[in-house]
Every structure is written in C-alpha cells, then in structure tokens.
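Q: This structure is in structure tokens; I'll ask about it shortly.
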Amino acid sequence: MKISVIVAYHDEKNYIRDCLGSLADQSFRDFEVIMVCDGCDKPDVSEWGGLQMHFARTKDTSGVAAARNAGLDMATGEYIFFMDADDYLAPDTLQRLVEKEVTGGVAYGEIRSTWYSRKVYFDNGEELDRQNGTEHTKYEGDVGNAYEYLPMRAGSLQGITILGMLISRKVIQGHSIRFCEDLHYFSDLPFLMQVLSHAEKTLFCEDGLYIKRKHNDPVNLPSLLQAKDDEKKVFEGMEAYRRAKKFISAQEENKNQYLDYKFVMWLVTRIAAFVVEAKPAKQKETVIVLQDTLKLLGNGVLPMLKHHPKKLIRYGLAGDAAGLAGKTRNHARKQTLFRICTSRAKMKRYLYEKVFSKMKMLEDTVIFESFFGKSYSDSPKYIFEYLNEKYPGKYNYMWVNAGRKLKLPYPARQMKRFSFKYFFYMARAKYIVFNGRQPQYFIKRKGNVFLETWHGTPLKKLVFDMEDVTTASPLYKEQFYIQTRSWDYLVAPNQFSEDIFRRAFMYDGQMLETGYPRNDILYREDKEQLMREIKAELGIPDDKKVILYAPTWRDDEFYGHAQYKFTLKLDLEQMKRELGEEYVVILRTHYFIADFLDLGQYEGFAWNLSKYDDIARLYLISDILVTDYSSVFFDYANLRRPMLFFTYDLEKYRSVLRGFYMDVEEELPGPMLFETGEVIESVCRIDEVKEEYKEKYDRFCKKYCSWEDGHATEKVVNAVFGLSGQEK
Ligand code: C2G
C-alpha cells in the first residue's frame, strides 16, 4: 500500500522542517517522499535520514504544475499524495487516509489553515487561531459529496486544491492525467476535476488532517497565493474553469453547481473589480472571454445566487463591459454607504480617508501619544515639556488619551483615541510624536513629520526577528511593515537597539542616535530635591528605602487583545515580615496588564503604582529595582543603582515565548532569582551584590547607556522640529 508523497519545493527554507518533520513522524510508514525542487537548490535534509527520499529538479522556476508532473513521473506508490513544502500533517494523517482503502478512487480529508508552526499548532494553535478570529469552521453541507465539499470548502476559485488527498495512482496513470503547466495559479482545478471524473469512489476521511500554513511574513516570504498579478489571475481563472468543466457532463447538475458557484463568486470579487479598473480595450477583451466562459454555467447554480451576481452574469453574457463596470461600481458604493451608516467606526474611517485627510494641513499642530493614550509619560512627555519651556506658544498641542483625561502641566487639547476628534486631527496635524504604533490605516500626507520614539531597548525578539507570532494579530509583520513606512524619525537609545530596529522593523528612515528623552530626568542635577518631592507626592516615608518591582507582561496569559493577566509571584507577606523595618515596596505592572491588584492589606509597606503615569519618576525614588524581562532595566541602569532579576519563569519565557537578543546569564548586571526567599536574601546583602556585579554593571552601561547624557530631548527636538535652541 505504498504512498508516493510529492512535495513541490520552492525554497521555503523556513518551513520545510515542519513539513518533513511531520512526514518523519507519520504512524503509517510505507511511503516515499519525492521532493521536486522548482528551480532552487535542494534543502539540507540530513536530519531526516529515516525518510525514503528522492529528489528531482525542474529547469529554472517552471512552477508548481511542472514540479508535480516531474514528481508523478518518478512515483512508484499505489497512491499519490501531494503536499506543499510549507504545510504539514498530523501524525496519523496518512494512516487514516489509507484505511479508507480507495484503490481506484480518492480519499480526502479536512484542510485546516493556521498561522502557526507545527509545535505551536499542536500545542495550542487552535486556541490561538480562535483568539485572533481565524479559527477553523466545520463545513455544514454534505462532506461526502466531493463535487460539493472540495469546491465549497475553498475560500475562492483559486483555493480549490488537490492537497491533502490520497489519490489512487491507477486513476492518474490510467487516464494520463497531468497538471497543465501553462497554468500558474490554477493548475489544481482541472487536475482535480479530471481525477474526480475517473475515480471509482470518493470518500471523506474526517481524521485525514492536512495543515495549511499561512505565511506570517508576507514581506520577505510572499506565498504564491498572496502574490498580486491581477490580470493573469483573472484570465487564468476563466481558462482553468473552462478546462475543469470539460470533465463534468452538462447534465449532471448536482456536480456542476458548486464549481459554477465558485466561478460566479470569482466573477463578483475579482473579474468585476478588474474590469472596473481596466482600460477600455482590456475591459473589452476581458468581457469577450467572460461571455464565452459564462455560457458553460448550468442552471443549477441560479437558486444559490442573490440579485447582484445574477445581474453581473446577465451583463457578462451580453458582452456589456460598460454595464458590468457600472453595476459593480454602484454596488460597491451602496455597500460603502451601508457600512458607514451602520457602524460609527467605519463612518469615522471613511471621513478620515475621504474628507479629513484632504483638508488643509495644520502646520503648527503637534499630536502626542504615549502607551496608546493610557498615560502622560515616556519620551513624548519630555518632548512636550521641552517644547513648552523652550518655545512657548510656538505650537498647538494635542494629547491622545484612552478615555481618562491626562493631567498635563501645559495647555494642550485632549482627544480620546479613535474619537471623531482624533480622526479629524490625525488627518490634519503636521507633527505626530508617538511612542508606539499608529493605526494601520494611518495616511502619511505630504509634509507630515512622524517622530517615533519607541519605548525601550529590546530584550525580547521583535517583529521580523520573531519566527512564530503568537501574540496579537498573525498579520503583525505585515502590519508593522506598513506602519514603519510612515515613520520619518526613530529614536535609538543605543547602538545595540539601532541595529535591531533597522533589521527587525525593516526601518530605513532617519535614526536619531540620541538616547531616550525619557531618561534625561535621571541625569538632572536637582535629583535629590526631586526625589523628596515625588516621595511626598506619593506619601512614601522619607526614612524608608524603596524597592521597585516592575515586571513585564507574558505573551501567553491574556483575557483578550492587549488585556493581559498578571499573577503576583513575589510573596509580599514574606517581604514585609523580613524587610519591612527598612524597606517599602512599589509594585508597578506593565501597561498591558488588565488586573489591578489590591494591596490594601500591606498598607504602609506596599504601594500599587501601576496606574502612576511616569515610571521614570518611580526609578528616581527607588533604591533597588526588581524586574524580569522588561526593558525597564536598560533605563534604570542609568542611575547605576542595584538591580535584581526575578525570573521565575525564565525557561518558558526564553524558549517558548520569545527568545532574547542577549545572553542573559552572561550580561544581566544583577543576579537571576527564582523565589521570594532569594530576592529577600539578595536585598539583605545588597552591598555585596553590588560589589559582585560591579564589572558586569560597568560593561552593561558601556553597551546600553553610553549615549545617554541628559540632553536627548534637546537633540531630538532640534533634529525633528528644525529648531536650534535659540528661540526662548
Ligand atoms: N513599563 C512600565 N512598567 C512596567 C513595565 C514596563 O512602565 N512594569 C514601561 C517602561 O517604560 C518600559 C516600557 O513600558 O520601558 C516597555 O515595557 P517592556 O516591559 O519592555 O515591554 P514591551 O512593551 O513589550 O516593550 O523594544 C522594547 C520592547 O518592545 C518591549
């Protein structure tokens, strides 16, 4: 019962490990792997010595059809199974399919799409896909009817595929079935229909899982399906449909209707949109081919269609390009109107794009946002204050808030993130100063100046350096790439960050090698006085030393988007018992954390200052920092005060969640501790700890703090606002 697994390989270096790994783990063992390299070198497969593998190579890049044909020429198994090099299987996929015993026919299983690698997917990928709204939904119709299920489960005509099917080689050989090598995007379609037309039986196999991996890096690794080539796709789609239809007799309405339905949807979404945009000659040419193609539609599809597709079919059959384009345009307009009338969010977006961003730019307006409007803090705060002190009255200022009014020391208007006001000014202000990302749909206008300050030296791997994106949206990389295109200036706190930002953000704009404006305060000469003021403001006794505990967030512990959980692993009871005489503790959770811990029972010993605007002011009043994988320690190091690393979940964090940019054991300028007792012990002998880590601390500061000199804000303002410090 040997299977020939044919893998078309097109240099998917980052993905092939999962593909071959999943084959090596199959419970069914009697198969050969034929890997056809499509105009690229063979990957290193030494790891999979146990697999029976054969290789072939197509000339140049001939495309997936030629590669699969070459694989078919070499196959010796009784069954054929096609895979893409970026996909993978469940361990018993082949076993389950073979058990269907479809000699002379076909067994097909389910295809599930995911953004994640094999390990993540089988650990908790379904949950992650559910969280980001891309979960697999079961097909409700007749899965046993191959003519219904195989087209209908596909998202579009182009998605109809032969992947994940066990095909008896007798069917293919007996009828000399080949992939059409002239089809670049659609070669599966005629192949599939021909196979079905000759199969003696077609059986659905519920556990025959095939996992299709969506690419999360469309910038560096665009997949064939995502590639934009509208004209070719439009014409090929029509051609492939025509060829596929030859294998179903016109009388068999039940076999025709689903493929017809997919074609009509292709007409509505792709062909019609193409005709609207095309030049008149191309419009005409398209509609002539369309007219011929539509003649193949059976009547069975009509009850499945709404009014609009039926109308398009009528224009198509009449060869009326103008009518088709006009109807498509009108329909799109109606849909937009409907969308903006039924959703305030969409209405705002519409006004932002079509109205506000066409209005005159406000040359003197500067918008600031820090941590998505949650606080008045970080580098935007210090830039705002510097501009006000140095250049009073020069600009109009606006701050974005998250629904809670910010307490600002200088006049500025405030607007809630995503309010009408926000869209109005985001479209019109000349200057934008953010410490995080702007909305994806932000329109960069000519003359706009976008200053991105960012918010920390990276320890955890960022964007394009991450392999699997298990946080936020799986489209993270693509979105990030789009967003960084709008940034004119990016602040770098040190050379280390600059190098990472360039690569991991793929940022190619101007880098400001200035250090962080938010850290200037740590170099102020009147620091002592300021510390007393802050302590008094917070009611923290002057005679007690302060431990600041500022951990980061965990990618895998959340309630929903940017709503993370936090479990306090530091035992405050024990801390109070053993350190309470000399110390007090400030707890400061990350701005993503939704939980607010009630520390009422530790009154006088512990303060929860998670909602306090500016962490830099807390750095100033603390004697020891306890943190983990947060970038806070890069900033705190500017004070040269001792740091302890409470890294109770180090292994999980380092390997599973993110991966680090530095060798933490080697570089951290303080001990890594795993239990409260160890933290207490280190606090008790803090002078010794300081001594032990002195050298490491010096090296650390040299690498990460050497650009900081208390004048970052001035340098940033001069560069971005074209000011030279003379105006006051
Ligand atoms: N922060 C804070 N309180 C904490 C943790 C962080 O106020 N308990 C602030 C600090 O200013 C810190 C910034 O948020 O520098 C970023 O926090 P990180 O814990 O480093 O995490 P993240 O937001 O994921 O940013 O390049 C930096 C990375 O992107 C990290």
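The values are calculated or read from the model by the stated rules, or taken from the named source; none is laboratory data. The structure presented is a predicted model; accordingly, all values stated were derived computationally and were not measured. Every residue, glycine as well, gets a Cβ built from its backbone with ideal geometry; the counts of neighbours run over all protein chains shown.
Q: If SER249 satisfies every condition in (1) crowded, with 16+ Cβ neighbours inside 10 Å; (2) not in a helix (DSSP H, G or I) but one, which is the exception?
A: Only one criterion is unmet by SER249, namely (1).
Q: Where the second residue is at pLDDT 90 or above and charged (D, E, K, R) and the first is farther than 12 Å from ALA8 by Cα and lies in the range 46-59, which pairs have Cβ atoms under 6 Å and are six or more apart or on separate chains?
A: Every condition considered, the pairs that remain are GLN52/GLU32.
Q: Test SER375 against the stated conditions and say whether it is of a type in the set (Gly, Ala, Ser), closer than 30 Å to VAL632 by Cα and not in a loop (DSSP other than H, G, I, E, B).
A: Taking the combined requirement at face value, the residue does not satisfy it.
Q: Could you run through the range 374-409 and say how many residues are within 30 Å of the chain's Cα centre (by Cα), of a type outside the set (D, E, K, R) and within 14 Å of the ligand (Cβ to nearest atom)?
A: Count: 5.
Q: While we're on this one: Could you tell me whether the range 680-701 includes any residue that is acidic (Asp, Glu), modelled with pLDDT of 95 or more, within 16 Å of the ligand (Cβ to nearest atom) and on the phi < 0 side of the Ramachandran plot?
A: No.
Q: Any chance the range 325-345 includes a residue that's in contact with a Gly (Cβ under 6 Å, 6 or more places away or on another chain) and either touching a residue at least 12 places away in the same chain (Cβ under 8 Å) or surrounded by 18 or more Cβ atoms within 10 Å (Cβ to Cβ) (or both)?
A: no
Q: Is one or more of the residues making up the range 444-452 within 16 Å of the ligand (Cβ to nearest atom) and crowded, with 22+ Cβ neighbours inside 10 Å?
A: Yes.
Q: Looking at THR93 and the list (1) closer than 30 Å to ARG29 by Cα; (2) at pLDDT below 90, which single condition is not satisfied?
A: For THR93, the exception is condition (2).
Q: Quick one: is ILE172 buried (at least 18 other Cβ atoms within 10 Å of the Cβ), at pLDDT 95 or above and closer than 30 Å to VAL463 by Cβ?
A: When the stated conditions are applied, ILE172 does not pass them.
Q: Could you look through the range 390-443, keep only residues that are of a type in the set (S, T, N, Q) and at pLDDT 95 or above, and pick out the one that is surrounded by the fewest Cβ atoms within 10 Å (Cβ to Cβ)?
A: Taking the candidates together, the pick is SER419.
One line per residue, one yes/no per condition, for (1) in contact with a His (Cβ under 7 Å, 6 or more places away or on another chain); (2) closer than 11 Å to ALA85 by Cβ; (3) surrounded by fewer than 18 Cβ atoms within 10 Å (Cβ to Cβ):
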| position | (1), (2), (3) |
| --- | --- |
| HIS10 | no, yes, no |
| LYS13 | no, yes, yes |
| CYS19 | no, yes, no |
| ALA24 | no, no, yes |
| SER27 | no, no, yes |
| ASP38 | yes, yes, no |
| GLY50 | no, no, yes |
| MET53 | no, no, yes |
| ARG57 | no, no, yes |
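Q: Quick one: what pairs do we get from the range 196-207, first residue free of Cβ contacts under 8 Å to residues at least 60 places away in the same chain, second crowded, with 17+ Cβ neighbours inside 10 Å and hydrophobic (A, V, I, L, M, F, W, C), C-beta under 6 Å, 6+ apart or different chains?
A: Here the result reads SER197/PHE247; HIS198/VAL171, each pair linking the range 196-207 to a residue that is crowded, with 17+ Cβ neighbours inside 10 Å and hydrophobic (A, V, I, L, M, F, W, C).
Q: If you don't mind, there's one more thing I want to ask. Within the range 584-594, is even one residue touching a Lys or Arg at 6+ places or on another chain (Cβ under 7 Å) and under 27 Å from CYS684 (Cβ atoms)?
A: Yes, that holds for at least one residue.
Q: Would a scan of the range 516-536 turn up a residue that is part of a loop (DSSP other than H, G, I, E, B), in contact (Cβ under 8 Å) with a residue 12 or more places away in the chain and touching a helix residue (DSSP H, G or I) at 6+ places or on another chain (Cβ under 6 Å)?
A: Yes: one or more hits.
Q: Every residue in the range 417-438 that is under 26 Å from TYR516 (Cα atoms) and touching a Phe, Trp or Tyr at 6+ places or on another chain (Cβ under 8 Å), please.
A: Across the range 417-438, the qualifying residues are ARG417, MET426, TYR431, ILE432, VAL433, PHE434, ASN435, GLY436, ARG437, GLN438.
Q: May I ask you to say which residue of ASP508, ASP468 is over 27 Å from ARG349 (Cα atoms), in contact with a Ser or Thr (Cβ under 7 Å, 6 or more places away or on another chain) and more than 12 Å from the ligand (Cβ to nearest atom)?
A: ASP468
Q: For GLU369, are the conditions met, namely being more than 30 Å from the chain's Cα centre (by Cα) and charged (D, E, K, R)?
A: For GLU369, the condition - more than 30 Å from the chain's Cα centre (by Cα) and charged (D, E, K, R) - is not met.
Q: If you scan the range 499-515, which residues turn out to be assigned to a strand (DSSP E or B), more than 21 Å from GLU385 (Cα to Cα) and not hydrophobic (A, V, I, L, M, F, W, C)?
A: GLN510
Q: So, restricting to helices (runs of 4 or more DSSP H) that lie completely within the range 51-133, which ones have at least 1 residues that are basic (Lys, Arg) and under 30 Å from the mean Cα position of the chain (by Cα)?
A: 126-131
Q: Taking the conditions exactly as written (within 28 Å of SER379 (Cα to Cα) and under 33 Å from the mean Cα position of the chain (by Cα)), does SER655 satisfy them or not?
A: When the stated conditions are applied, SER655 does not pass them.
Q: If ILE482 meets every condition in (1) more than 10 Å from the ligand (Cβ to nearest atom); (2) in contact (Cβ under 8 Å) with a residue 40 or more places away in the chain; (3) of a type in the set (A, V, I, L, M); (4) surrounded by 18 or more Cβ atoms within 10 Å (Cβ to Cβ) apart from one, which number is that one?
A: Going through (1) more than 10 Å from the ligand (Cβ to nearest atom); (2) in contact (Cβ under 8 Å) with a residue 40 or more places away in the chain; (3) of a type in the set (A, V, I, L, M); (4) surrounded by 18 or more Cβ atoms within 10 Å (Cβ to Cβ) one by one, ILE482 breaks only (4).
Q: Before we move on, is PHE496 aromatic (Phe, Trp, Tyr) and not in a helix (DSSP H, G or I)?
A: The answer is no for PHE496.
Q: Would you check if GLU140 is at pLDDT below 95, charged (D, E, K, R) and farther than 22 Å from LEU203 by Cβ?
A: No: the conditions fail for GLU140.
Q: I would also like to ask the following. Tell me, which residue of the range 545-567 that is of a type in the set (Gly, Ala, Ser) and either more than 16 Å from the ligand (Cβ to nearest atom) or under 15 Å from VAL679 (Cα atoms) (or both) is modelled with the highest pLDDT?
A: My answer is ALA550.
Q: From (1) of a type outside the set (Phe, Trp, Tyr); (2) over 28 Å from GLY105 (Cα atoms); (3) in contact with a Pro (Cβ under 8 Å, 6 or more places away or on another chain), pick out the condition that doesn't hold for CYS40.
A: The failed condition is (3).
Q: Follow-up question, since we're still on this one. Mind checking which pairs have a first residue in the range 571-584 that is more than 19 Å from LEU673 (Cα to Cα) and a second that is part of a loop (DSSP other than H, G, I, E, B), Cβ under 6 Å, 6 or more apart or different chains?
A: Matching pairs, first to second residue: GLY580/PHE605; VAL584/LYS544; VAL584/PHE605.
Q: I need the full set of residues from the range 650-696 which are buried (at least 17 other Cβ atoms within 10 Å of the Cβ) and in a loop (DSSP other than H, G, I, E, B), in order please.
A: ARG658, TYR661, LEU668, PRO669, GLY670, PRO671, TYR693
Q: Still on this structure: For the range 70-118, which positions are surrounded by fewer than 22 Cβ atoms within 10 Å (Cβ to Cβ), over 13 Å from VAL7 (Cβ atoms) and among the aliphatic types (A, V, I, L, M)?
A: ILE111
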